[in-house]
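First comes the structure, then the notes that go with it.
The values are calculated or read from the model by the stated rules, or taken from the named source; none is laboratory data. The structure displayed is predicted, hence computed values, not measured ones. The accessibility values were calculated without ligands, DNA or RNA, using every heavy atom of the protein model including side chains. Shrake-Rupley method; radii C 1.70, N 1.55, O 1.52, S 1.80 Å.
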Amino acid sequence: MNPLRFAFEGYAIIGMTLLIMAVASLVVILRQPTRAGASRWVAAFFAGIALSGASTVLTNGIVFWGSLFAPWQDFWVLAAGVALVRYAYVHPRCERPREAAMALLATGALALAALVFCVVFSYRFVSAWSPDLAVPAAYYLLMPLATLVSVVLFLRRCVQLSRLDDGIAVERGPEVRSCRAWHCLMQPRGSDARLMRNLALALSIALLPGIGIFLDLSGNINFLIQHLGSLLAVAGVALVYLNHVPEPSSFVTKLAGVVLLTVILL
């Protein structure tokens, strides 16, 4: 049996940075005095990101045994994405329950597939005691796919909330609707629609790691893309959401501390 050894460097540092950012954002959300009922889903999102960061630390910080946690990095992100999609359809209210259920089904199915793979992988890893057991590259395509689905859903919610705020009838022709949809995305009507559009833009940054995997880039470039994609996406979601809730000045102060700590770690 291989001894337990630690090597804290490389991706483990990124995982720790991600963990600190997620926990700091989670604490700020939980300490908001005027939290809406839907905010618990955003809190669940950052909790999932924190678990993904912890899994990244374990994967890259523990020699040999760290491979056991490799697929769990992406699973926790997929589970966090389900919570964020749920937030999109309950904030400010759930006026499309059927569509909300279908959105949860689409993102939840990807997360469930990842969970099944993680359980099977962990069982095989422990039972075989083999360092050669690797996660197939196809598994890492689940997260970019789920991210793309989430971005599309948030953009759709932006259009829906813009139309509700602007009083546009849904029964108009396809040409008018297409034109209106683009206009709603460029100039969202109301703060809630603007929130959904900005969250979609923040989530789209998380597609960078998937691009690195798909293009099979070299180690240094792929490392940089993974770093930028994960950290900037989480920071973007935190910035967009917390800037939408009350007490923006308090948030800016806390964000400055988080950014400073992040820079020190990097």
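Relative to the present Cα-Cα distance, how much length would full extension add between Glu99 and Ile20 at 0.36 nm per residue of separation?
Numbers: separation 79, 0.36 × 79 = 28.44 nm, distance 3.42 nm.
Separation in residues times 0.36 nm, less the Cα-Cα distance, equals 25.0 nm.
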What accessible area per residue, rounded to a whole number of Å², is obtained for region 82-161 using a probe radius of 1.4 Å?
50 Å²
Gyration tensor (Cα) of region 11-107, equivalent ellipsoid semi-axes in angstrom:
29, 17, 6
